[in-house]
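The values are calculated or read from the model by the stated rules, or taken from the named source; none is laboratory data. Model, not experiment: these values are computed from the prediction. No Cβ is skipped: glycine too gets one built from the backbone with ideal geometry, and neighbour counts run over all protein chains shown.
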Amino acid sequence: MKKKILALGTAVCMAASLAACGGSSSSQTTEAATTAAETTAAGSEAGSTEGEAEETEATEAAAAAEVETVAEGKLTVATSPDFAPYEFYAIGEDGTPALAGFDMALAQYIADDLGLELEVVTVDFDGVLSELQTKSVDLGMAGLSPDPKREGIMDFSDLYYIGGQSLVTVKDNAETYNSFEAINKPEVSVGAQIGSIQMDLATTNSPDADIVPLPKVTDIITELLSGKMDAAYIETDVAKSYQKNYPELEIVMEVPYDQEGSAIGVCKGNEGLLAAVNASIAKAIEDGSMERFIAEANEQASGEKYEGLLNENGQVQE
Ligand code: ARG
């Protein structure tokens, strides 16, 4: 399995500076954050005075002392950066791809909150699941759905974002592939990411279709755009994000799914870490950070500099 370890500091800084040009987030994502805030226990307030800041530092140090991680002093997080605005490669001024997205900003926030250094491991999505299963990482942050079938290999944090599921095709085919019935035929190729709940949606809703499992969502987008694939099951906000850069994409319908929302996958049995992660999530929602991370990620994912698709060598595809 291809695996890369990246120090995230620059990516997050870059995300923040690129987003500084302003613009508003879509009301839908703001609502999502609010919904998540409502369903999550209230977090502690961000300290503003010096005394409070000292207290916060002390709490962080205490939290770090209590929390056990796979590498001492570090928070090791697996992700699959093919999933804008959750996690993706943003292309900087100099053409270099850097990790960005609200999952990455939240990962940095949690690491800071726990007084740990963030280390990000990038793998395909099925790799995120196996990194957690083998307890090679502390957390999996990849727009993970709290699918009960995964409970044997990881624990789930509280939800931090609410999304939805969609059936996606291209504008030219929007009239043809517009229902489960229309795509449920052996001659219709229907994509879904390997290891994802979208694979389950594909086999449940269109079992007779030619289901094509691919390792990356960006591979699926490429196939749809090139006409090699007819339709695909994709997370709605991800489809909307790629649609900003590739307007030929068309969301034809919403797909019902009963475990909606994203959670952090936590290394199974690490109760101290799970509790600390939940406290950080609550705090990030409460102090407005989460909403800002979402707005910044959306802004950056739709920026002119962002291409979204990288080839095998991590270079931007033309
Ligand atoms: N929410 C879906 C799942 O948990 C898809 C997540 C895919 N994430 C990614 N970074 N590609 O199965």
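Give the residue that is farthest from the ligand (Cβ to nearest atom), with candidates limited to residues of region 176-200 that are among the polar types (S, T, N, Q) and surrounded by fewer than 20 Cβ atoms within 10 Å (Cβ to Cβ).
Thr176
Among the listed residues Gly195, Gly140, which satisfies the condition of being assigned to a strand (DSSP E or B) and within 26 Å of Ala90 (Cα to Cα)?
Selected residue: Gly140, the only one of Gly195, Gly140 that is assigned to a strand (DSSP E or B) and within 26 Å of Ala90 (Cα to Cα).
Out of (1) charged (D, E, K, R); (2) modelled with pLDDT of 95 or more; (3) out of contact with any Lys or Arg (no Cβ under 6 Å at 6 or more places or on another chain), what's the single condition that is false for Glu31?
Among (1) charged (D, E, K, R); (2) modelled with pLDDT of 95 or more; (3) out of contact with any Lys or Arg (no Cβ under 6 Å at 6 or more places or on another chain), the lone unmet condition for Glu31 is (2).
Checking Val128 against (1) near the ligand (Cβ under 9 Å from one of its atoms); (2) in contact with a Lys or Arg (Cβ under 9 Å, 6 or more places away or on another chain); (3) among the β-branched types (Val, Ile, Thr), only one condition comes out false. Which one?
(2)
Among the residues of region 160-175, are any more than 16 Å from the ligand (Cβ to nearest atom), more than 16 Å from the chain's Cα centre (by Cα) and without any contact (Cβ under 8 Å) to a residue 40 or more places away in the chain?
Within region 160-175, one or more residues are more than 16 Å from the ligand (Cβ to nearest atom), more than 16 Å from the chain's Cα centre (by Cα) and without any contact (Cβ under 8 Å) to a residue 40 or more places away in the chain.
Might you let me know whether region 218-234 holds any residue that is modelled with pLDDT under 95 and within 11 Å of the ligand (Cβ to nearest atom)?
Yes - at least one qualifying residue is present in region 218-234.
Just a yes or no: is a residue in region 99-110 more than 16 Å from the ligand (Cβ to nearest atom), surrounded by 21 or more Cβ atoms within 10 Å (Cβ to Cβ) and assigned to a strand (DSSP E or B)?
Looking for residues that are more than 16 Å from the ligand (Cβ to nearest atom), surrounded by 21 or more Cβ atoms within 10 Å (Cβ to Cβ) and assigned to a strand (DSSP E or B), one finds none in region 99-110, hence no.
Only one residue in Glu299, Glu250, Glu286 is modelled with pLDDT under 95 and at negative phi, so which one is that? Spell out how you get there, then give the answer.
Values: Glu250 fails: modelled with pLDDT under 95; Glu286 fails: modelled with pLDDT under 95.
Just a single option satisfies the conditions, and that option is Glu299.
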